[in-house]
Amino acid sequence: MKGILEYSQGETVIHRLNPLSKMVIAFLLCLSSFANNNIYCTIGIIVVNLLMAYLAGIIDRAFSLLITLFKIGIVLFLLQVFFIRTGNTLLNLPFNLYITDTGLKFSIMLVLRLVGATMPLVIILTVTRMSDLTNVMVQKLHIPYKYTFAFITALRFIPIFENEMTGIIEAQTARGVEFDTKNPVKKLKLLLPLCVPLLISSVKRIEGSAISAELRGFNLRRKDSGYKTYRFIGLDYIAMLFSIMILLTCIIIL
Amino acid sequence: MIEFKDFSFKYKTGEKPALTIKNLSIPKGDFVGIIGNSGAGKSTFTYAVNGVIPHHYEGDFYGEVRVNGCDTVESSPTQLALSVGSVFQDIDGQMVSSVVEDEILFGLENFGVPKEEIDQRIKDILKMVGIEDLRYRNINTLSGGQKQKVAISAVVAMMPDILVLDEPTAELDPQSSLQIYNMLKMLNKTLNITIIVVEQKIMLLSEFSKRIIILDSGEIYLEGAPKEVLSDTSRLTDIGVNCPRVAALANNLNQLKIYNGPVPVNVMEAETMVRSVLG
Amino acid sequence: MIKFDNVCFAYDKNNILNNISLSVKKGEFVAIVGRNGAGKTTLMKLLNGLLKPTSGVVTIANLNTSVTRTSELARHVGFLFQNPDRQICRNTVKAEIEFGLKCILTDNADIEKRCRNTIEKFGLLPDKDPFSMSRGERQKVALASVLALSPEILVLDEPTTGLDYKECMHIMETINELNDNGTTVIMVCHDMELVADFAGRIIVVGEGRILDDDVCRSVMSRPEVLKEASLAPPQIVELAIKLGKGFEDVFTLDEMTGIISQRAKREGCIM
């Protein structure tokens, strides 16, 4: 799962799409998985997702994502399936638990929808450079650069802080703090005081980062400063049309 | 050209001035190494040149610092950034993008470099530094040395006259550190960029810089060409600054009255020295 | 004291260390050198169980690290990291040292006593806020809190990064003194001058293998090994190698000065 959102470099069809149309496609696919109520149709969307990942050359990562999502799905499934008590009983279990056909169908749909709706966003973000995404938002959607820069910086700092936190935990374990305990409550208690060093180093880091950006002309930046321009090409229209068709199909099948 | 005149700066939280410089001028094309113990005022020196003081950190600013004739107090840090490029110790913190190309684009875009020039500039700088193959790489996947090269390239792409670096090799291994210094030397030579670098590794400074400034408790303690500064190593050890062993050897031989020539700044020169002593 | 028996370590199917076997006796001062990414840090983390070997056995003070918890190993192994800020998490020096002690010990009187002794020994101000100190001072506090436990083994991961020479020497002299009193010291370090001055033995790591493991002088006199590990020998050693015949055994500045003055006198070229 590590680095799932990390940009995967490439020159594939999917990579070449306009960042904006990529987002639209992801959104449409997401919507499609909620717009229908048919198990096969939702499976179809997952297949489309995998196809997209295949075209983008990140099928390995898509599968690892799929597995992770299904793991989360199983937990959700178990929680749901025993909760819904309407419909015909399919299976009787001890402790007054039983599974009904409505419950089963609902729970399966829930899991499939979760998978179908999460995948497109993750896949698209993996094949889109953050800077392209923010540039296009500034140029086409007229969002102020300040906000997109803050967003991009926050994203960039996540792995850095994660790394810092791992380092802190290692350092504390090495001096005998029992992070290797199996008790999660105890672990959380031990973790809290460590927020102090993390906070202090973060503040220093962010301050340095702000100075560095300022010294490289951040304040001079205008809406049209971006070097790259993002035009829509034929491919974009085809891909978007295709996604709209999927959405329409889903609505009709409903 | 950088000029300090009756300069002194005290941070808002400090009790005494962090740095006081009566008179100092650094001509264009110089390669200045700054060394000293912690609290000696090394970072403050870099901040005085790139305008981080008094614009970012507030405090009592006395005297004047002029960069290419512009008073740093009157110009904004962004204006100064046109002539002064800055590189910091925190390699990850100073980056603004996740891809090498975007990192270099950032400054070029902001300073309004004409769009038709941009691609050529990126190509030129990457080629000069020898990292053409890294152009589309994700910065997270690079080694520390490569990242620092990218950071320097991003700043040099804006074609500053002066490059200020605050301990750029602190997190690097000896080989990467040497590569960074070779890169600085090349930039100094081919583009005539003035280099001001704060560094703890005296051996790198003695070999690469044209001038060494030793700071101690907020003042200039010693200043001059490496050979001058190192000619009496006891002055360095007195304030707890390290000196290259070959310089110490020359000093020892000098005291034994078997050598009184120039101080070697690297092993090659030391070899010449020893051979001359032994005839 | 420390024993690696055919240790391999892999992360995400990448082999980082291959068949490492070594043993360190009580009281040794070992430097581990190599370029960044050679596997030095991995090797260190195997020493206190932060990482467990993929195969092979690491034994520390008769404990197999694969089945012993790191917090248990911490009684025997003190670990000083490159960055003191990852270690310090209390807002006074005294609280910081106590925190470390409380992780391992339970006897309050003993904790109080050790804390007092350590503060005194290091000349620290007990009520000062570590975060207002310089990096060198913070590293000293971090070291003090590790040493308060008087560990049998002290592991140091580039302890002098970011410190000035004065602070660096202060830390190294403290460590050297401990070593003289019998503490086993393992240190990862880039600075070959420092290694030559303090370590008795050097382990050169490259590409996940041990390239060389010998007493300091012998390793330093093999430029081909250092080159393979992308390291340069200390200046004096490099000079001695360049000078060649008659300088084979020269290792320190004093030795170099001595031999040159001797030969100069013999050849009568005193000025």
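The values are calculated or read from the model by the stated rules, or taken from the named source; none is laboratory data. None of these values were measured; they are calculated from a predicted model. No Cβ is skipped: glycine too gets one built from the backbone with ideal geometry, and neighbour counts run over all protein chains shown. With ligands, DNA and RNA removed, areas are computed over all heavy atoms of the protein, side chains included. Shrake-Rupley method; radii C 1.70, N 1.55, O 1.52, S 1.80 Å.
Can you go through A:108, A:124, A:58, A:99 and tell me which one is open to solvent by less than 90 Å² (accessible area, probe 1.4 Å), in the same structural domain as residue A:32 (by TED's automatic domain parsing) and in contact with a strand residue (DSSP E or B) (Cβ under 7 Å, 6 or more places away or on another chain)?
Details: A:108 fails: in contact with a strand residue (DSSP E or B) (Cβ under 7 Å, 6 or more places away or on another chain); A:124 fails: in contact with a strand residue (DSSP E or B) (Cβ under 7 Å, 6 or more places away or on another chain); A:58 fails: in contact with a strand residue (DSSP E or B) (Cβ under 7 Å, 6 or more places away or on another chain).
A:99 is the lone residue from the list that is open to solvent by less than 90 Å² (accessible area, probe 1.4 Å), in the same structural domain as residue A:32 (by TED's automatic domain parsing) and in contact with a strand residue (DSSP E or B) (Cβ under 7 Å, 6 or more places away or on another chain).
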Over the range B:56-71, the set of residues away from chain A (no Cβ under 11 Å) and out of contact with any Lys or Arg (no Cβ under 7 Å at 6 or more places or on another chain) is B:61, B:62, B:65, B:66, B:67, B:68, B:69, B:70, B:71
When residues of the range B:12-55 are limited to those that are within 12 Å of another protein chain (Cβ to nearest Cβ) and open to solvent by 50 Å² or more (accessible area, probe 1.4 Å), the one nearest to residue C:136 (Cα to Cα):
B:38
(1) part of a helix (DSSP H, G or I); (2) within 14 Å of chain B (Cβ to nearest Cβ); (3) not aromatic (Phe, Trp, Tyr) all hold for residue C:160 apart from (1)
So which residues in the range B:1-51 are part of a loop (DSSP other than H, G, I, E, B) and of a type in the set (Val, Ile, Thr)?
B:13
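Among what's in the range B:74-100 and is more than 7 Å from chain A (Cβ to nearest Cβ), part of a helix (DSSP H, G or I) and open to solvent by less than 10 Å² (accessible area, probe 1.4 Å), pick the residue that is modelled with the lowest pLDDT. Lay out the reasoning, then the answer.
Step one: filter the range B:74-100 for residues more than 7 Å from chain A (Cβ to nearest Cβ), giving B:74-76, B:79-80, B:82-85, B:87, B:89, B:91, B:95, B:100.
If we keep only those that are part of a helix (DSSP H, G or I) too, we end up with B:79-80, B:100.
Adding the requirement that they be open to solvent by less than 10 Å² (accessible area, probe 1.4 Å) leaves B:80, B:100.
Details: B:80: 90, B:100: 93.
Result: B:80.
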More than 12 Å from chain B (Cβ to nearest Cβ) and out of contact with any strand residue (DSSP E or B) (no Cβ under 9 Å at 6 or more places or on another chain): does that describe residue C:193?
no
Part of a helix (DSSP H, G or I), β-branched (Val, Ile, Thr), touching a residue at least 60 places away in the same chain (Cβ under 8 Å) and open to solvent by less than 30 Å² (accessible area, probe 1.4 Å) - does that describe any residue in the range B:205-217?
no
Of (1) surrounded by 15 or more Cβ atoms within 10 Å (Cβ to Cβ); (2) within 20 Å of residue A:215 (Cα to Cα), residue B:58 fails just (1)
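Those residues that are part of a loop (DSSP other than H, G, I, E, B) and under 24 Å from the mean Cα position of the chain (by Cα), I need them from the range A:217-252; list them, please.
Step one: of the range A:217-252, the residues part of a loop (DSSP other than H, G, I, E, B) are A:217, A:221-233.
Residue satisfying the conditions is A:230 alone.
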Quick one: would you say residue B:262 is touching a strand residue (DSSP E or B) at 6+ places or on another chain (Cβ under 6 Å) and in a loop (DSSP other than H, G, I, E, B)?
no
Answer residue from the range C:56-86, given it is at the interface with chain A (Cβ under 9 Å from one of its Cβ atoms) and among the hydroxyl-bearing types (Ser, Thr, Tyr) and is farthest from residue C:41 (Cα to Cα) among those:
C:71
Scanning the range B:161-172 residue by residue, those open to solvent by 10 Å² or more (accessible area, probe 1.4 Å) and more than 12 Å from chain C (Cβ to nearest Cβ) turn out to be B:161
For the range A:69-87, what are the residues that are surrounded by 10 or more Cβ atoms within 10 Å (Cβ to Cβ) and farther than 19 Å from residue A:112 by Cβ?
A:85
Name the single residue, out of those in the range C:26-55 being over 20 Å from residue C:80 (Cα atoms) and open to solvent by 40 Å² or more (accessible area, probe 1.4 Å), that is nearest to the other protein chains (Cβ to nearest Cβ).
C:54
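Can you spot a residue in the range B:235-242 that is more than 7 Å from chain C (Cβ to nearest Cβ), touching a helix residue (DSSP H, G or I) at 6+ places or on another chain (Cβ under 6 Å) and crowded, with 17+ Cβ neighbours inside 10 Å? Full working, then the answer.
Going residue by residue through the range B:235-242, those that are more than 7 Å from chain C (Cβ to nearest Cβ) are B:235-239.
Keeping just the survivors that are touching a helix residue (DSSP H, G or I) at 6+ places or on another chain (Cβ under 6 Å) gives none.
Checking the range B:235-242: not a single residue is more than 7 Å from chain C (Cβ to nearest Cβ), touching a helix residue (DSSP H, G or I) at 6+ places or on another chain (Cβ under 6 Å) and crowded, with 17+ Cβ neighbours inside 10 Å.
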